[in-house]
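The values are calculated or read from the model by the stated rules, or taken from the named source; none is laboratory data. Computed from a predicted structure; not experimentally measured. Here the Cβ positions follow ideal geometry from the backbone for every residue, glycine too, while neighbour counts run over all protein chains shown.
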Amino acid sequence: MKDQRDRENPYSPTATAKSPVTVPAMDPQIWSRLPEELLELVLSFLPLKTFYNLRSTCKRFNSLVFSSSFVSKHSSSSFPSFLLLSHPQCHRRLALYDSSLATWRDLTLSSPKTTPPTSSLLSSSNGLLCFSLPSPSSSSFLVSNALSKSSRLIKFPFYPFSFDTLSLVSTPLGYYIFTISSRSNLNSVFVYYSKTNYWREFDGFEPVLSENYHEKGVYFNECLYFTTPEPFSVVSFDLESGKWERSVARLPNDLTFLRLVSGGGGGERKLYLIGGIGRNGISRSVKLWEMNEEMNNWVEIERVPELMCQKFMSVCYHNYQHVYCFWHQGMICICCYTWPEILYFKSSRRTWHWLPKCPSLPEKWSCGFRWFSFVPDLYASV
């Protein structure tokens, strides 16, 4: 009996080597009759890369993952989220950092026709990416869902069309594209809504918004929030009514720069402010505040550790126009256009960290680093 058990146990010290086991072929007459609900369950456990490639194997799989029953039972929350790095010299290739596994991947944009080399990634929101197509023949933005491989060309409201800032806001009911365009020394706001498929024009805000064109509008309570240059203030734009409003909440003293971030978990969204504190335009520290909506004031909650703050200040050379911030899966990310790393605050642990440089970036690249939060959503409609 012992010899028999040893032969059956491949890890036994007395077990003998066995020849490879031949796996019998799957009988298509059996597997083709697998109930749909079991197939849906199996697909829901697949990793993102396998799930992404499986759709092209057959029409049945492709139609199944977009069926109403599959959508109702499974959501895109099972897919990993990424920090996405774009650079002007990356043609149709984006670097992805999986923060949960601490690994790097590449995302290749599938169609050279819809994403030509001259395209530039401008904004991201809930699984959607917005590119500019600046060639004279296109005169369009491209909104793309990289996971479902779907995209839509959106014509400029007029041509030629120049814009100072752009924000993409994706909601369960559709998405908005917010732009500010300067015409005849006047600022006008143009908002595109995917459900109505047309542009609306509104008055701009005077004085102009932040001179930092990397900074996007922050979506909070159905409005976009922005900061203005000195004297610093926070203003909001209602995407439906087109009305501007200046916040009356008093800002912290001795600010050298400020940025906004919106995020949260469990359906509770919060508005944060990141700012430098110092004199004569030189930051000595960087702090984080949270908006108390009941009291309508900013409450300090954290500050960047001194050594990290010194490194970040040396990176941006006190040129704060290059600084931008965003929320990503419980992290408040602080980035610089001229630096390939991210300084981030992990809200659950209340700790600060550096995200190291992407290993595939050549050393000679010194500017043009654009980071985005990318949360794949198969059902985000373009």
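A few notes on this one:
- Test: Leu147 is at pLDDT below 90 and of a type in the set (A, V, I, L, M, F, W, C): yes
- Filtered by the rule that a residue be assigned to a loop (DSSP other than H, G, I, E, B) and either surrounded by 12 or more Cβ atoms within 10 Å (Cβ to Cβ) or in contact with a Gly (Cβ under 7 Å, 6 or more places away or on another chain) (or both), segment 294-306 gives Val304, Pro305.
- Residues in segment 336-360 that are assigned to a strand (DSSP E or B), touching a strand residue (DSSP E or B) at 6+ places or on another chain (Cβ under 6 Å) and hydrophobic (A, V, I, L, M, F, W, C): Cys336, Ile342, Leu343, Phe345, Trp352, Trp354, Leu355.
- Residues satisfying the stated conditions in segment 269-325, i.e. more than 22 Å from Trp371 (Cβ to Cβ) and β-branched (Val, Ile, Thr): Ile277, Ile282, Val299, Ile301
Let's see how each residue does on (1) modelled with pLDDT under 95; (2) assigned to a loop (DSSP other than H, G, I, E, B):
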{"position": "Gly267", "(1), (2)": "yes, yes"}
{"position": "Tyr272", "(1), (2)": "no, no"}
{"position": "Gly276", "(1), (2)": "no, no"}
{"position": "Arg284", "(1), (2)": "yes, no"}
{"position": "Leu288", "(1), (2)": "no, no"}
{"position": "Met308", "(1), (2)": "no, no"}
{"position": "Met313", "(1), (2)": "yes, no"}
{"position": "Gln321", "(1), (2)": "yes, no"}
